Every structure is written in C-alpha cells, then in structure tokens.
Amino acid sequence: MDQENTYNAAIALNNMGIALLERKCYRQAWETLHDAVQVACKGQSESVCTYLNKAFQRQCNPDPSKAKSPLHLEIISDNADSITCIHATQINHSAIAIRLEAFDSTKDVSVDTAVILHNFAISALYLALAYPVSRITGQLLQNCLKSLLKCQSDLSTRYTNLDMDDDFGLVQKVFVVAVVSTNSLLQVFGSLGAGKFDAQIHECQTKLHALKTTLTDLDQHAEIGAVAAAAA
C-alpha cells in the first residue's frame with residue numbers, strides 16, 4: 001500500500017474511533033484509535049486491511065459503556081469552525097476529540113499524526129474513567145499521558161518551524177490542536193490524583209491561557225483578512 005493510501009487509512013481509522021467514542025463505546029474506540037496510531041506513527045501498512053475490517057465490525061456491533069463519565073466530551077473538526085467551537089466550549093471542564101475532515105491546504109501529515117495520538121490518549125482516558133477500579137486503569141492513564149506528551153512534542157516541533165509561507169488555515173489548525181492537547185493533559189493530571197501533580201497542572205493552565213490568547217489573536221487576524229478581501 002502506498003504512502004497516500006496508508007495516510008488515508010489512518011484518517012479513516014481515526015474518524016471511526018471518534019464515532020465510537022461519541023457513542024460511548026470506549027473500549028472499541030480505544031482499539032480502533034490504537035490501530036490508527038500503529039498506521040500513522042509506525043507505518044504498519046501491511047495490517048491496514050485487517051485494521052479497517054475490524055473497525056467496520058465495531059461500527060456494526062457497537063458495545064457502549066453503561067458507566068457515566070464524569071468528563072464531558074466535545075467533538076470538533078479540523079476546519080475553520082473549530083476555533084469557534086473552542087471559544088464556545090467550557091474547555092476546562094471538557095475533553096475534546098478531533099475529527100479529521102480537511103483535505104485542503106491545511107492537510108499536514110505531522111499535525112494529523114499528532115491529532116491521532118491525541119485522540120488515542122482521549123480514548124484511553126475515557127476507558128480509564130469508565131472502569132476506575134480496574135487493574136488496568138493506572139496503566140491506561142500512564143499510556144494516555146505518554147501519548148499526549150508525544151503529541152505535544154511533535155506539535156512543538158511543527159509550530160516552531162511555521163513560517164510566512166505556510167497556509168494560514170494550517171497555522172490555526174496547529175494552535176487548535178495545541179490548545180486541545182494541553183487541555184487534555186490538564187484533565188489527565190487531574191485524574192491521576194489530587195495534589196500529586198499540582199506543579200504540572202499549574203504549568204498546563206498557564207500554557208493553555210497563552211495558547212488560547214494566541215488562538216484568539218489568529219481568529220481576529222482571519223476576520224480582518226476576510227473583511228479586507230470582501231472590500232477589495
């Protein structure tokens with residue numbers, strides 16, 4: 001399977017995982033997003049057909065959790081509307097998963113891979129919260145934290161290398177994912193135990209405020225650009 005088809009398969013697995021997460025099928029979402037990570041990050045193209053077939057089977061046979069999660073879930077898409085969604089969301093009290101739907105100039109393999117890592121982490125968080133007394137809960141939260149830190153590291157590299165030639169929509173997308181993943185880190189540190197990660201929580205809150213300010217500035221810049229274009 002060529003690189004383009006492998007990339008598209010990772011996107012498809014991501015979106016099917018999000019659909020399962022939205023239906024509260026936490027274990028099935030985790031399994032599907034785990035496969036998406038294997039394809040996107042590790043290039044396991046030889047297993048793509050197997051992964052896709054299993055994901056389709058989960059879609060046809062959903063197994064929702066009966067447990068009520070203490071964390072509200074928001075689903076956004078990786079397009080211009082995502083900024084509006086983030087501004088409208090009580091972000092500190094929600095986890096946010098990202099559906100990948102933009103196949104225009106904002107398409108970027110490294111950013112989309114970071115999104116898939118983030119969504120995999122969110123599925124692990126919800127699975128852990130749904131079964132808080134399970135022996136694997138701690139392992140799920142640690143895996144969640146590991147995936148989010150890798151997501152943040154990849155994003156940091158990407159937005160450090162942003163330049164004037166990059167599409168403005170892509171720049172916005174990078175910062176949207178940065179805001180969402182930082183918020184998710186905040187939720188995970190809170191779930192790992194009150195008082196144990198106060199320093200990390202404070203650091204995430206400070207970073208989140210700075211990123212949201214930058215995102216607001218970018219949004220205002222886009223509005224000015226749209227008005228100028230309309231007036232031209």
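For this structure, a couple of remarks:
- Applying 0.36 nm per residue to the separation of K196 and E4 and subtracting their alpha-carbon distance, the gain on full extension is 64.8 nm.
- Across the range 198-204, computed HN-Hα scalar couplings (Karplus, 6.51 cos²θ - 1.76 cosθ + 1.60, θ = phi - 60°) run 4, 5, 5, 5, 4, 4, 5 Hz from first to last residue, x flagging Gly and Pro.
- Dipole in debye (nearest 20) - the chain, about Cα centre, beta carbon charges: Lys, Arg +1; Asp, Glu -1: 1320 debye
- Estimated inter-spin distance, H209 and S110, nm [label 7 Å along Cα→Cβ]: 3.0 nm
- Positive end of the dipole of the chain (Cβ unit charges, origin at the Cα centre): among V174, T50, N79, the Cα lying farthest that way belongs to T50.
- The chain, accessible area per residue, ligands and nucleic acids excluded (1.4 Å, Å²): 50 Å²
- Peptides 34-47, 53-66, 119-132 ranked from most to least packed, by the mean per-residue count of other Cβ atoms within 10 Å: 119-132, 34-47, 53-66.
The values are calculated or read from the model by the stated rules, or taken from the named source; none is laboratory data. Keep in mind the model is a prediction, meaning the values are calculated, not measured. Here the Cβ is made from the backbone with ideal geometry for all residues, glycine too, and neighbour counts use every protein chain on show. We work out accessible area using only protein heavy atoms, side chains counted, and drop any ligands, DNA or RNA first. Shrake-Rupley method; radii C 1.70, N 1.55, O 1.52, S 1.80 Å.
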